[in-house]
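Asker: Could you have a look at this structure, given as structure tokens, before my questions?
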Amino acid sequence: MSTEKTLSIIKPDATARNITGKINYMIEKSGLNIIAQKRIKLSKEVASRFYEVHKERPFFEDLVSFMVSGPVVVQVLQGENAVALYRRVMGATNPDDAEKGTIRKECALSIEANSVHGSDSVDNAKKEISFFFSETELYEG
Ligand code: CMP
């Protein structure tokens, strides 16, 4: 077991429906600690850079437009095996495939408006956290 950090984004479909508290409750109930969070508006440039790995995918332009359509809450979650644990808590990318009790099953509207993003590996978590947060924003005490 190892203590890890992972990056979470609560997406515009969730901020629009005022369910960030519900999602945070589900995160905390799983044992993960929210050690940093901020509500921000992404620009097209920032959203495109964040999702650069998907730039050749057919859904890229729609994804970027969706991510800038309203505020997002970017968060750092910490806990034992946080990366894999948060992926279980989120559920499958497509809410139709997500298990009951997961954030995406309970909250998501579609594969695009799927309420949350979570890092997919420990390496990517480090990169994604440093994309949004500086060291001084990550107080673990
Ligand atoms: P996320 O975990 O944020 O990573 C990339 C996002 O692209 C994904 O969640 C979905 O919201 C979005 N997306 C839209 N269409 C698709 C698709 N067909 N396959 C995978 N991801 C998609």
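Asker: Given the condition within 13 Å of the ligand (Cβ to nearest atom) and part of a helix (DSSP H, G or I), answer yes or no: does some residue in the stretch 75-86 qualify? Working first, answer last.
Answerer: Pass one, the stretch 75-86, residues within 13 Å of the ligand (Cβ to nearest atom): 83, 86.
With the extra rule that they be part of a helix (DSSP H, G or I), the set shrinks to 83, 86.
Yes, that holds for at least one residue.
Asker: So in the stretch 29-69, with the set limited to residues that are of a type in the set (G, A, S) and more than 23 Å from T6 (Cβ to Cβ), which one is surrounded by the most Cβ atoms within 10 Å (Cβ to Cβ)? Steps first, please.
Answerer: We begin by selecting, within the stretch 29-69, every residue of a type in the set (G, A, S); these are 30-31, 36, 43, 47-48, 65, 69.
Now drop any that are not more than 23 Å from T6 (Cβ to Cβ), which leaves 43, 65, 69.
Numbers: S43: 12, S65: 12, S69: 17.
This residue is S69.
Asker: Moving to a separate point now. Of a type in the set (A, V, I, L, M), open to solvent by 10 Å² or more (accessible area, probe 1.4 Å) and either touching a helix residue (DSSP H, G or I) at 6+ places or on another chain (Cβ under 7 Å) or within 12 Å of S115 (Cα to Cα) (or both), is that true of I23? Outline the logic, then answer.
Answerer: Values: of a type in the set (A, V, I, L, M): yes; open to solvent by 10 Å² or more (accessible area, probe 1.4 Å): no; either touching a helix residue (DSSP H, G or I) at 6+ places or on another chain (Cβ under 7 Å) or within 12 Å of S115 (Cα to Cα) (or both): yes.
For I23, the condition - of a type in the set (A, V, I, L, M), open to solvent by 10 Å² or more (accessible area, probe 1.4 Å) and either touching a helix residue (DSSP H, G or I) at 6+ places or on another chain (Cβ under 7 Å) or within 12 Å of S115 (Cα to Cα) (or both) - is not met.
Asker: Continuing with this model, one more query. Applying the selection to the stretch 87-96, what residues are surrounded by fewer than 16 Cβ atoms within 10 Å (Cβ to Cβ) and part of a helix (DSSP H, G or I)? First the steps, then the outcome.
Answerer: Just the residues of the stretch 87-96 that are surrounded by fewer than 16 Cβ atoms within 10 Å (Cβ to Cβ), to begin with: 88, 93-94, 96.
Selection gives R88, D96.
Asker: Being surrounded by fewer than 16 Cβ atoms within 10 Å (Cβ to Cβ), under 20 Å from N24 (Cα atoms) and of a type outside the set (D, E) narrows it down to one of G101, G118, so name that one.
Answerer: Details: G118 fails: surrounded by fewer than 16 Cβ atoms within 10 Å (Cβ to Cβ).
Unique residue meeting the criteria: G101.
The values are calculated or read from the model by the stated rules, or taken from the named source; none is laboratory data. Given the structure is predicted, the values throughout are model-derived calculations rather than measurements. No Cβ is skipped: glycine too gets one built from the backbone with ideal geometry, and neighbour counts run over all protein chains shown. Ligands, DNA and RNA are stripped out before the accessible areas are found, and what is left, the full protein with its side chains, is counted by its heavy atoms. Shrake-Rupley method; radii C 1.70, N 1.55, O 1.52, S 1.80 Å.
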